[in-house]
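This report concerns only the one structure given below.
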Amino acid sequence: MTHSKNTKGLSLIETVIYLAILMMVLPAMVLFLLRGVEYVHTIDLRVRIEQTGSILLQKMNELLLTARAVDVTHSSLGVDDSVFIFINKGGEQMMMQRVDEEYLFLDAPRTVSRLQVQKEGEDPYWLTDQDMQVEQWRVDAVRNSSGDLTGLRFTVRINALDPKEGDPSVFEASTTIVLENQTQVQEL
Amino acid sequence: MKIFSKKQGFVFIDALLSLGLASIFFSGLIGYFLTANQTSAEGFKRQEALWAGQEGLDALQSMAFGDLSLTTTGALTFDGTEWLLSSSGPQSLPSGLSRSVRVKEVKRDEDCLVTTDPSGTVDPDSYYLESETTWTSLQGHPQAVMLQTLRTRWNAPEGSCFGSEAARVDIDISGAAWHLHGKKQLRNIIIHNNGSSSVTVAKVQLWWDYTSSVTQVFLDLSKIWSSGGPGSPLGEQFSGTLLDVQDTSIVSGSTVEISKIQFTNDMVGSTLTLLIEFADGSQIISENFCPIVGP
């Protein structure tokens, strides 16, 4: 009776070579993974900032195009941190402004600037998330050469609450909403 | 008896193969992340470009129509109150964007439909507004977003497509005077076409407070109605009769004179009112007036 040679498993030299290769490849793999996690964070942040900015400008467009009147007298326009007051389609006064609020962020209290809309006699609601810093908020009255109020210009700059190096740049946009053809909009 | 070998577990080549496969997998994964990152960055930039482009259009629409001028390289500046248009575009914007706005003429056919036919008539009440934002992608390729809209001067049209003919015309009765032949001829009523297209006088109606009849109406040197023709009705006509005159065109920017309205009796001291109806059915009516006595 003959027994065949046992070839199961790795020899010592093969194991050593294998471990050596693994030691060279493993750090690269770990780095790849970490980089992947960073990319996911970056993409997520970028998408959220972009969405916040877009939704914000879209929302203002919607609110204004159905507004009855723009209260230029009581609004503070043409300055940073504008307070913008208008009368909505239901005849109620609406106030839009940037408000500083304190939140616990990663177990530490942080002051976050958020955009808020308040309907007369109701609780305010937020237009931006807790972890989005509204760095700039400004509303300008836009007039034509005859001095007629023809639109409103909104400038907004939004950033992540704790931007890290390499994070996507802030969302900065301005939009002018034209009132000229909205006959129901009147300057108060 | 031969016992067959059982090659269970890993051999060296298996281990190398698995390492190789893992490397390929991780390379694919990182490639995926790289592409996703690049795509989202491009999307972010495109979104910013869209807002910048939209702002360009909105800015042009917030300006008075009369302040717009034709340009293919327009730049916009906001002076804190008003948007201003210059021809110094394209202009650089934050985030590496560049924007150029354009104001282009609109041509319409005889039915006032927008046409690209070069023989179409330029509509003085419409402009094409364009806003183009450009940037360079991460791969170095040029990218662009172009938005366009049509703006029309609805509130005070000057052209024939959106405004009535009467809206483009003024009547000046300040120099109206009775002339010659027993002061039976009314002269010096001036009609001015302020618009950018011609108007056509189709009917004339006159009211007066004396017992008299009208027999002739002249516009410049042309007889446009008389009791024997042209026009209708025939015969001498009393106050308030609508005279269907021979259609007469007044070209854009020109001034014509109602050089003669002939009455049957002396009219000095009478008070008149003049109505002119144009081919589109629009009308212009003068204030009551009492012509002076001319030479």
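So the values come out like this:
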{"item": "Residues of the range A:78-108 satisfying the condition of being in a strand (DSSP E or B), surrounded by fewer than 15 Cβ atoms within 10 Å (Cβ to Cβ) and of a type in the set (D, E, K, R)", "result": "A:80, A:100, A:101, A:102"}
{"item": "Residue within the range B:89-97 that is polar (S, T, N, Q) and under 24 Å from the mean Cα position of the chain (by Cα) present", "result": "no"}
{"item": "Filtered residues of the range A:43-55 (kept if away from chain B (no Cβ under 11 Å) and open to solvent by less than 20 Å² (accessible area, probe 1.4 Å))", "result": "A:52"}
{"item": "Residues of the range B:128-144 that turn out to be in contact with an Asp or Glu (Cβ under 7 Å, 6 or more places away or on another chain) and in a strand (DSSP E or B), as a count", "result": "1"}
{"item": "Any hit, the range A:62-75, residues being part of a helix (DSSP H, G or I) and open to solvent by less than 30 Å² (accessible area, probe 1.4 Å)", "result": "yes"}
{"item": "From the options B:156, B:167, residue that is open to solvent by 50 Å² or more (accessible area, probe 1.4 Å) and in a helix (DSSP H, G or I)", "result": "B:167"}
{"item": "So residue B:77, is it part of a strand (DSSP E or B) and either among the acidic types (Asp, Glu) or over 17 Å from the mean Cα position of the chain (by Cα) (or both)", "result": "yes"}
{"item": "Residue that is open to solvent by 30 Å² or more (accessible area, probe 1.4 Å) and under 25 Å from residue A:174 (Cβ atoms), where the choices are B:87, B:119, B:131, B:100", "result": "B:87"}
{"item": "Candidate set: the range A:114-144, residues that are without any contact (Cβ under 8 Å) to a residue 40 or more places away in the chain and surrounded by 18 or more Cβ atoms within 10 Å (Cβ to Cβ); chosen: the one farthest from the other protein chains (Cβ to nearest Cβ)", "result": "A:114"}
{"item": "Criterion violated by residue A:107 - all others in (1) more than 14 Å from the chain's Cα centre (by Cα); (2) modelled with pLDDT under 85; (3) within 14 Å of another protein chain (Cβ to nearest Cβ) satisfied", "result": "(3)"}
{"item": "Any hit, the range B:62-73, residues being more than 9 Å from chain A (Cβ to nearest Cβ), modelled with pLDDT of 90 or more and within 21 Å of residue B:143 (Cα to Cα)", "result": "yes"}
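Quick grid of which residues meet (1) touching a Pro at 6+ places or on another chain (Cβ under 8 Å); (2) in contact (Cβ under 8 Å) with a residue 12 or more places away in the chain; (3) over 25 Å from residue B:152 (Cβ atoms); (4) open to solvent by 60 Å² or more (accessible area, probe 1.4 Å):
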| position | (1), (2), (3), (4) |
| --- | --- |
| B:58 | no, no, no, no |
| B:64 | no, no, no, no |
| B:71 | no, yes, no, no |
| B:114 | no, yes, no, yes |
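The values are calculated or read from the model by the stated rules, or taken from the named source; none is laboratory data. These numbers come from a predicted model, not from an experiment. As a convention, Cβ positions derive from the backbone with ideal geometry for all residues, glycine included, and neighbour counts pool all protein chains shown. Areas reflect the complete protein model, heavy atoms only, side chains present, ligands, DNA and RNA absent. Shrake-Rupley method; radii C 1.70, N 1.55, O 1.52, S 1.80 Å.
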